[in-house]
1. Calculate the radius of gyration of the Cα atoms of the range 47-93 to one decimal place, then report Dmax, the largest Cα-Cα distance, as a whole number, both in Å.
2. May I ask you to compute the full-extension gain from Thr30 to Ser110, defined as 0.36 nm times their residue separation minus their alpha-carbon distance, rounded to one decimal in nm?
3. Quick one: divide the alpha-carbon radius of gyration of the range 1-143 by 2.2 N^0.38 Å and tell me what you get.
4. In the range 53-154, carbon and sulfur make up what percent of the accessible area (probe 1.4 Å)?
5. Per 0.36 nm of contour for each residue apart, how much would the distance between Ile43 and Ala66 grow if the chain were fully extended, relative to their Cα-Cα spacing?
6. Please give the FRET efficiency for Val19 paired with Val129, using the beta carbon to beta carbon distance and R0 = 25 Å, rounded to the nearest 0.05.
7. Could you give the accessible area per residue of the range 25-126, probe 1.4 Å, as a whole number in Å²?
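The values are calculated or read from the model by the stated rules, or taken from the named source; none is laboratory data. None of these values were measured; they are calculated from a predicted model. Cβ placement follows ideal geometry from the backbone for every residue including glycine, while neighbour counts extend to all protein chains displayed. With ligands, DNA and RNA removed, areas are computed over all heavy atoms of the protein, side chains included. Shrake-Rupley method; radii C 1.70, N 1.55, O 1.52, S 1.80 Å.
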Amino acid sequence: MLRDSQTIGTMAHVIQLSVAPVFLLTAIGTMLSVMTNRLARVIDRARFHESKLELAEPEAVPRLHAALAVLKRRADLIGHAIFLCTATAVLVCTVIAMLFIGDYLRYDISLPVALLFIVGMILMVSGLVCFLREIFIAKASLQIGPNQDVSRRH
């Protein structure tokens, strides 16, 4: 009977330890949702510019190619960010599984868990840096109001 209560108590402790990583997974999932939505917007914008290329006047072609190059760079950065954040989620899931496996096998897994968590956080920070770079590029390429060429004609 004592063994069962120790097992239940230990399992309850493992569940408590795994709650924080589960909340982290929720945050990562939310970030991934935001990133995939931004990627979809970039793809839509690229398709729009590509469709304009077919009917564009020759003097507009370089501007459209420049816009497409910026969109490609943004898509690449978001793709990297999605990969890094997804890898983080995989590592966090591995940490959670290892907590339970270590408890079940009565094995000290603190070092592997700590290392995986540190690597996961490095990946997460890297993913967020890529995402931030994409936002800076989007902001720099933002044009609000009439095009300079259009305003000169009036």
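1. 16.4, 53
2. Full extension from Thr30 to Ser110 adds 26.0 nm.
3. Against the compact-globule rule of thumb, the ratio is 1.55.
4. Roughly 70 percent, rounded to a whole number.
5. Going from the current span to full extension adds 6.8 nm.
6. Working from the Cβ atoms, E equals 0.35.
7. Accessible area per residue: 61 Å².
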